[in-house]
Amino acid sequence: MQENLKVTGMTCAACSSRIEKSVSKMDGIKSCSVNLTTERITVEFDPAKTGLEAIKSGIEKLGYGWAEIKKDAADGDKLSKEKEIKTLRIKLIISAVFTLPLLYIAMGHMLPFGWSWPLPEIIRHQLNPVNFAIAQIILTVPIIIAGHRFYLVGFRAIRLGSPNMDSLIAMGTSAAALSGFYAAYQIIQGHFEYTGQLYFETVGVIITLILFGKTLEAISKGKTGEAIKKLMGLRPKTAIVIQNGKEREIPVDEVVAGDMILVKPGGKIPVDGLVIEGTTSVDEAMLTGESMPVEKKAGDNVYAATINNNGLIRFKAEKVGADTALAQIIKLVEDAQGSKAPIARMADIVAGYFVPAVFAIALIAAAGWFVAAEDFKFSLTVFISVLVIACPCALGLATPAAIMVGTGKGAENGILIKGGEALEMTHKIQIIIFDKTGTLTEGKPQITDLITAKGTDKKKLLQLAASAEQGSEHPLGAAIIKGAEKERLDLLPVRDFTALTGRGIRCFIDDQEILAGNRKMMEEEEIPLSDLQAEAARLAAEGKTPMFISIDKKPAGIIAVADVVKPSSIEAVKSLIDMGIEVAMITGDNKSTAGAIGKQVGIERVLSEVLPQDKSAQIKKLQAGGKIVAMVGDGINDSPALAQADIGIAIGSGTDIAMESADIVLMHSDLGDVPKAIRLSKATIRNVKQNLFWAFGYNTAGIPLAAGLLHIFGGPLLSPAFAAAAMSLSSVSVLTNALRLRKFKGYKI
């Protein structure tokens, strides 16, 4: 049995990892997966050994909450996310509003080169040190209240034995705050030399910066349910059912298998079924990605949410509700999003060892000095110095600073990267799978070849064909008309127009009978194709669709239409191959068309006639082999594959659903941005690692000094003030290094 629950209270990878490990150890649990991004837990268990209530109880014992996932989960998640983002924004504003004057009061007089900011006498530290201290306390308390969640979560994580980033924030700011309160107490007692040991500004800056990062993270997470919601919006709301010979419109949820459904021209097909009567062409682009409509007749299958173009059909409902192809796509997107393993944040992993180690060093050093010197004040100074220098300001900035600059630089280049996880994973890509229609190609049929029989003028042939197609709704006809418009040819009046489903069209222009259609139509009309047949075979082998034109039962020529390759496709594929990345193409198109397009762009590995669920299955197969897979697509049918891939890349000109399902959106619709995004990821992750090195380097080098290592040999003791300065220096170095990413040009820094 498998169940899904929403988990509340998770803040980092350490949280999701702890829940996953703990629940997995419970009796009767077969598998457990916790997704930090979607905040969901998927559990497969043996109901004979355990139940959902026991799992819920286990989550609660770990200090986290849970909620049932309702039918309208996408709407509910969106509302809860909007509420969370609003709350975080309010907390951020409060924290920032109080931090700015706090910094002014605490640090203004410490600026070098005589640039100190003037303070009113009533709070100047030399004249009124007590007021100086009290003013900082008044400003600090609201900041601590705004960031109270860090303390609740951070100290709870320590109590449960799994410290995380919130634990570092809680410990570091608590040490600085307690030190500040102690110094304020000493100042009130008349010991004015303690004015240099107020570290309240450290508390304010850390909480404000971390709240800023949490707000950005919440905004990114809030988009998770949008793809599902938009997919659900494609479902028709009603269906016309034939009951007792009468038409009756009912809600689509009331349709049952076996019902006879009527669909009029232009209408959406409400459920999956089998055509019983009528002929038409159906636009299945949202399902298969194929830009050409599919001809339907009795005995053919139709699918929910596809569009009936021109004919009236009756079909028998076979799959309804959760069994339809669209519902399966929705489920695939949900499953893929829920199964994505959260990327382990380096800082969180190290924090699991760093926090207890720092705390232990602080306690041991303080206890050692108290035994050796019997000086409580000295011991407390050592304890606070160690914690302050290990404060996670630089550690907290190391990753988000580089990620923010990297994603900002990507946006400047038209590459929208949805958060740090996507940016982090992109540099690991080993294989990229491109969708064909609308991604490697333009997605719209265009005239590619115009071949005439002897005695026929090319422009005249195009004019007659375009005039004939005026009455057709077929995309091939639209492409021919557009081609004639491009040549500025006037369309001629047409009479006796007839559309022959699955074959072509017949009409009269200036008393000439014009036929435009496929080879089957020409054979039925006994029109000899002679040399044109070889040309048609060649065009078909190139992935083009040939349309024969005849005038008064005599062959006049061929107009070939195809979905042409984008100019940027060939260069993008070449760049990726040069980078050592394997490239493949996947499409719902037939083998001949797909192979021709693959050959044009330089892709050898071509997967054709692949349905949406099979696209994601192909990606799963590659992932099972240990590959890091990226998928590039633009259509609704690509959304399950985009969600399943380690990195989904959507073309900006594509559907909203594809863009919501993707991790990266290329706003310029230029495939050259794919290799550029990978280079940006590599540059950013290199920058992150450098930042983490400096952040930990400063802190770990300073900890022995703060613990009194030099003082043992008669050297100076690193005071909390110097510890705070060292911490600030590490933050400056991290930010300065992150800003180097602004020089990224797409190829190198």
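Observations
- J(HN,Hα) series, region 532-549, from Karplus relation 6.51 cos²θ - 1.76 cosθ + 1.60, nearest Hz, glycine and proline x: 5, 5, 5, 5, 5, 5, 5, 5, 5, 5, 8, x, 9, 9, x, 10, 7, 10
- In Å², nearest 10: area of GLU254 left accessible to a 1.4 Å probe: 110 Å²
- Principal axis dimensions, largest first and in whole angstrom, of region 125-178 by Cα: 47, 17, 13
- The solvent-accessible area of GLU571, taken with every protein chain present and a 1.4 Å probe, is close to 110 Å².
- A cut-off of 5 Å between modelled amide H atoms, ignoring neighbours fewer than 5 places along the same chain, links MET547 with ILE559, ALA560, VAL561.
- Sequence of GLU442, GLU121 from largest to smallest accessible area, 1.4 Å probe: GLU121, GLU442
- In this view, the solvent-accessible surface of HIS148, computed with a 1.4 Å probe and all protein chains in place, comes to about 80 Å².
- With protein chains left intact and a 1.4 Å probe, residues in region 119-168 average 46 Å² of accessible area per residue.
- Whole-angstrom Cα spans of region 397-537 along principal axes, big to small: 78, 31, 28
- Of the accessible area of region 547-698, computed with a 1.4 Å probe over protein heavy atoms only, carbon and sulfur atoms account for 53 percent.
- Karplus-based coupling profile of region 564-575, in residue order and whole Hz: 7, 6, 5, x, 7, 5, 4, 5, 5, 4, 4, 4, with θ = phi - 60° in 6.51 cos²θ - 1.76 cosθ + 1.60 and x standing for Gly or Pro.
The values are calculated or read from the model by the stated rules, or taken from the named source; none is laboratory data. In this text, all values refer to a predicted model and were calculated from it rather than measured experimentally. Please note that ligands, DNA and RNA were not included when accessible areas were found on the heavy atoms of the full protein model with its side chains. Shrake-Rupley method; radii C 1.70, N 1.55, O 1.52, S 1.80 Å.
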